[in-house]
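Reviewing the structure listed below.
A short reminder: the numbers here are calculations on the coordinates, not readings from a lab. The shown structure was predicted, so the numbers you read here are calculated from the model rather than taken from an experiment. All Cβ positions, glycine included, derive from the backbone under ideal geometry; neighbour counts span all protein chains shown.
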Amino acid sequence: MRGIAIVVPEPRPSPAGAVDRADLDVIAEQLRRPPRGVRAVAHRCPAGHPNVVTTEPRLEDGTPFPTLYYITCPRLAGAVGTLEASGLMREMSERLRTDGDLAAAYAAAHEGYLREREAIEVVPETAGISAGGMPHRVKCLHVLVAHALAKGPGVNPLGDEAVVLLGEWWQGTPCASAPGS
Ligand SMILES: [Zn+2]
């Protein structure tokens, strides 16, 4: 005990009610567990399911959660996993060491990621730490793809590349179109 006042989480715009119950139900099904810290749906598949969510920088139980954008759809996550298994991350990390323009754009993506997260809440434990290996390496394509899908093209260059390589991953799956369409 340090004898100081009990730390009460700072007030912030509550996400409660900001995400539709129906979306939360889909996300729970995707994750096979109750979703935690979902702040918003950041991207949807052609069928309209949430597939990237914006998460709270600190979960309700106090755990810092640096991954601001998180893939929830197992089909999308699986497609990204296949890309990861191809050795793409090592190749991208090597290019970051030799391509100054790419490195600068990737560093800007990292800074933007931090700015957006801190606009929601400043979490000292994760200060300066983004996710996915940014800004110097590529350690998790899921993070980069989630960032690219949430923000659209032109924000995370390597995320954008991965999204292009993923192609129409939803074809032939229930993510391809809305039921009955
Ligand atoms: Zn879907």
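Quick check: residue separation of Leu102 and Ser177 times 0.36 nm, minus the Cα distance between them. What number comes out in nm?
Once the chain is fully extended between Leu102 and Ser177, it gains 23.5 nm.
Computed about its Cα centre, the charge dipole of the range 21-166 is approximately 260 debye, with only Lys, Arg, Asp and Glu carrying charge at their Cβ.
For the options Ile129, Ile71, Ile27, a Gaussian network treatment of the chain with springs between C-alpha atoms closer than 10 Å singles out Ile129 as fluctuating the most. At q = 0.11, 0.15, 0.17 Å⁻¹ the log10 of I(q)/I(0) for the chain amounts to -0.51, -0.90, -1.11, computed by Debye summation with a single uniform scatterer per C-alpha, solvent ignored. By the beta carbon rule, with partners counted only under 4.7 Å, the chain holds these lone Cys residues: Cys73, Cys140.
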